[in-house]
Each structure stands twice: as C-alpha cells, then as structure tokens.
Amino acid sequence: MSSGTFAGSVVVPSNTDAGGAGIAQPFAVSDQTVDLLTGLIGIERDMMLGQLFLQDGLTSTEGSHFTHPRRDNFPLIKDGLANAGVADLEPLLIALEGASGREAVNAAYIDVLSAVQQAKVMLQPTAQDFLAAVKNTAAEAGEMLDPSGTTDVVSFQECWGLLMVARNQLDELIMTGDPASKKAAQGVALAFDDVVLSLPDPNAKAPVAFDPAIVQGLVSALEQAATAI
C-alpha cells in the first residue's frame with residue numbers, strides 16, 4: 001500500500017470538460033467522503049443527461065434532468081458538503097433550472113459542473129475513496145436494470161448516464177500520477193470501455209434489452225482494483 005502526498009492535486013475544469021478531483025494519499029477509505037463523492041457523481045450524471053436532452057433531442061417523460069439534482073442527490077449530501085467547507089451548490093442548481101435559452105443554459109451548466117469539480121477537490125479523496133465512489137455508482141447503475149434483461153427507457157437512460165460518468169471518473173484517477181492508482185484505474189477502464197461500446201442507444205423508444213450481469217462484472221472489477229492499491 002502506497003503512502004505519501006499526491007502531487008499536482010488540482011486540474012481546473014475547462015468549459016464543459018471535467019477536471020481532476022485532487023485525489024490524495026494514503027489510501028484509507030472514508031465512508032463519509034465516499035458517500036459525498038457518490039452524490040456528486042450522481043449530479044454529474046444529471047448534468048450529462050440534461051445536456052443530451054437539450055442538445056441532441058433525447059426525449060424524457062420526466063422533464064429536464066437539470067431539475068433532478070435538487071430532487072434526488074443534493075438533499076442527501078448538502079449538509080455533509082457544508083460540513084466539509086464546500087460552497088453551497090443550491091444557488092447554482094436553481095440558476096440552471098431557471099435558465100432560458102441555450103446560451104444561458106450552457107453557462108449555468110458550466111458553473112454547476114465547475115462547482116462539482118471544486119467540491120471534489122475540497123473533499124480531498126484518497127484513491128480508494130474515489131474507486132469506492134465509482135464502484136457505488138456502477139452498482140447503482142446495475143440496480144436500475146430489470147433482472148429480466150429488458151429495462152424501461154427511463155431507467156435505462158439513468159443507468160446509461162451513471163455508467164458514462166463512472167467511466168469518466170477513472171480518467172481523473174489515471175491522472176493522479178501515482179503508479180499503483182494509475183495502473184489499477186487503467187485496467188478497470190478497459191473493462192468499462194468494452195461495456196460502454198456495447199451499450200444500446202439511450203435515445204430508445206421502447207424497453208431496452210441489456211444484461212445486468214455485465215454491469216455486475218464492472219462492480220467486481222472495481223472491487224479488485226481497490227485491493228491492488
């Protein structure tokens with residue numbers, strides 16, 4: 001198990017691209033940090049789906065996903081983020097919900113995503129914290145899939161979004177510069193890529209056929225990766 005301090009802890013977000021989360025060492029796991037990270041990743045999922053619905057015309061029976069963070073993930077992590085010294089995200093989320101016109105929505109979107117990335121930095125997660133949050137995200141995605149193998153469109157879109165943002169988190173871990181963390185993240189990222197390439201189009205018009213066991217395989221791979229560091 002590695003020790004020491006992570007060097008180069010902050011990667012500043014640029015426009016719509018998410019930056020690094022400032023992952024630190026040693027590799028102890030903090031349940032509270034993992035829960036907060038998992039909630040933040042969930043908000044990133046809603047940001048991604050919100051943009052797809054706005055830019056690419058995906059249809060949703062629930063309305064804009066930009067309204068989901070304040071309904072779902074943010075209330076669960078609001079107090080924990082405040083206790084960690086993270087600036088309140090709610091005003092930015094409200095601004096995004098109220099934005100009118102594509103330009104205003106994009107600007108508000110960038111503000112939220114940048115604040116989420118800064119929140120991750122403030123939490124100072126270890127590499128194992130980060131992998132645990134990605135594992136939780138993948139597990140949540142798997143739970144949205146119907147065990148029968150055929151899942152309704154809304155649930156599949158939510159699952160798809162979680163898997164995509166979970167994969168993006170691994171790129172952040174790969175950027176930490178710690179050899180053990182980078183190697184572990186690279187290995188599981190390859191497994192994620194295979195699954196992502198096999199995912200049906202989220203802009204489905206009818207229930208989607210996808211085997212939940214495939215996602216469970218990713219969860220197992222993430223558990224093994226955590227033991228490697």
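The values are calculated or read from the model by the stated rules, or taken from the named source; none is laboratory data. Remember, predicted model here, so these are calculated numbers, not experimental data. Note that we place each Cβ from the backbone using ideal geometry, even for glycine, and neighbour counts take in every protein chain shown. For the accessible areas, the whole protein counts, side chains as well, though only heavy atoms, and no ligand, DNA or RNA atoms are used. Shrake-Rupley method; radii C 1.70, N 1.55, O 1.52, S 1.80 Å.
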Query raised in the report: Ordered by packing density, taken as the mean number of other Cβ atoms within 10 Å over each peptide's residues, highest first, how do 143-152, 113-122, 69-78 rank?
Result: 113-122, 69-78, 143-152
Query raised in the report: Once amide H atoms are built 1.01 Å from N in the peptide plane, which residues 5 or more positions from Thr150, or in another chain, come under 5 Å H to H?
Result: Phe210
Query raised in the report: So for the pair Val196, Asp211, with labels modelled 7 Å out along Cα→Cβ, what separation do we get in nm?
Result: 2.2 nm
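Quick one: compute the contact order of the range 72-229, relative version, from alpha carbon pairs under 8 angstrom and 6+ residues apart, as a percent. Show your work: numbers first, answer last.
On the way: 156 pairs, mean separation 39.8, N = 158.
Reported as a whole number, the value is 25 percent.
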Report summary line: Extension length gain for Thr150 and Ala228 (0.36 nm per residue less Cα distance), in nm, is 24.7 nm
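What is the extension gain from Gln186 to Val29, computed as 0.36 nm multiplied by their sequence separation minus the C-alpha to C-alpha distance, in nm to one decimal? Please list the in-between numbers first.
Numbers: separation 157, 0.36 × 157 = 56.52 nm, distance 2.01 nm.
Result for the pair: 54.5 nm of gain on full extension.
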Query raised in the report: For the range 144-200, what is the accessible area per residue in Å² when the probe is 1.4 Å?
Result: 40 Å²
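Give the shape of the range 75-229 as rounded, prolate or oblate, defined through the alpha-carbon gyration tensor: a ≥ b ≥ c are the square roots of its eigenvalues, a/c under 1.5 means rounded, and otherwise the shape is prolate if a/b is larger than b/c and oblate if not. Show your work: numbers first, answer last.
On the way: a/c = 1.95, a/b = 1.11, b/c = 1.77.
It is oblate, given that a/c is not under 1.5 and a/b is not larger than b/c.
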Query raised in the report: Taking the alpha-carbon centroid of each part, what is the distance from the range 151-229 to the range 100-125 in angstrom?
Result: 22 Å
Report summary line: Taking a crude spin-label model, label points 7 Å out from Cα along the C-beta direction, the Met122 to Ala107 distance in nm is 2.3 nm
